[in-house]
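A short write-up of the structure that comes next.
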Amino acid sequence: MDPKEFILIADFCECHNVQYSFINSLNEFGLLEIQVIEENEYIDPEQVRELERMMRLHYDLEINLQGIDAIRNLLNRVSELQDEVRILRNRLSRYEE
């Protein structure tokens, strides 16, 4: 793995003014995956949007890790259901024509 493809956690924490312990807690709880490359810890850039969402839930709304996990699961389920509804509407529209 090339470290250039990832974001150094220390840089992310400094840029977003967030404590490393929060990032580590997310990792321990299974909500975030940390990559260790050459003794440095990184996150995948694809996880940044989700990480920022979890930060807002925790710091702005004071939701704990269990609550964040529940919210993530519910949002994922809603997204899956929306995809299913879109597929079913497309199928239905074929028969209505």
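Data table
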quantity	calculated
Residue selected from the stretch 67-97 under the condition loosely packed, with under 12 Cβ neighbours inside 10 Å and either in contact (Cβ under 8 Å) with a residue 24 or more places away in the chain or of a type in the set (Val, Ile, Thr) (or both), by the criterion farthest from Val18 (Cα to Cα)	Ile87
Subset tally (residues that are more than 12 Å from the chain's Cα centre (by Cα) and either within 18 Å of Gly67 (Cα to Cα) or of a type in the set (A, V, I, L, M) (or both)) for the stretch 7-33	11
Test: residue in the stretch 41-58 that is of a type in the set (Phe, Trp, Tyr) and closer than 20 Å to Lys4 by Cβ	yes
Number of positions in the stretch 31-49 that are loosely packed, with under 15 Cβ neighbours inside 10 Å and either in contact with a Gly (Cβ under 8 Å, 6 or more places away or on another chain) or in contact (Cβ under 8 Å) with a residue 12 or more places away in the chain (or both)	6
Enumeration of residues in the stretch 37-58 that are in a helix (DSSP H, G or I) and of a type in the set (D, E, K, R)	Glu46, Arg49, Glu50, Glu52, Arg53, Arg56
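Here is a yes/no grid of residues against (1) outside any helix (DSSP H, G or I); (2) at pLDDT 95 or above:
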| position | (1), (2) |
| --- | --- |
| Lys4 | no, no |
| Ile23 | no, yes |
| Gln35 | yes, no |
| Gly67 | no, yes |
| Ile71 | no, yes |
| Val78 | no, yes |
| Asp83 | no, yes |
| Arg89 | no, yes |
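The values are calculated or read from the model by the stated rules, or taken from the named source; none is laboratory data. Keep in mind it's a predicted model, so treat the numbers as computed, not measured. Cβ: placed from backbone, ideal geometry, glycine included. Neighbour counts: every protein chain shown.
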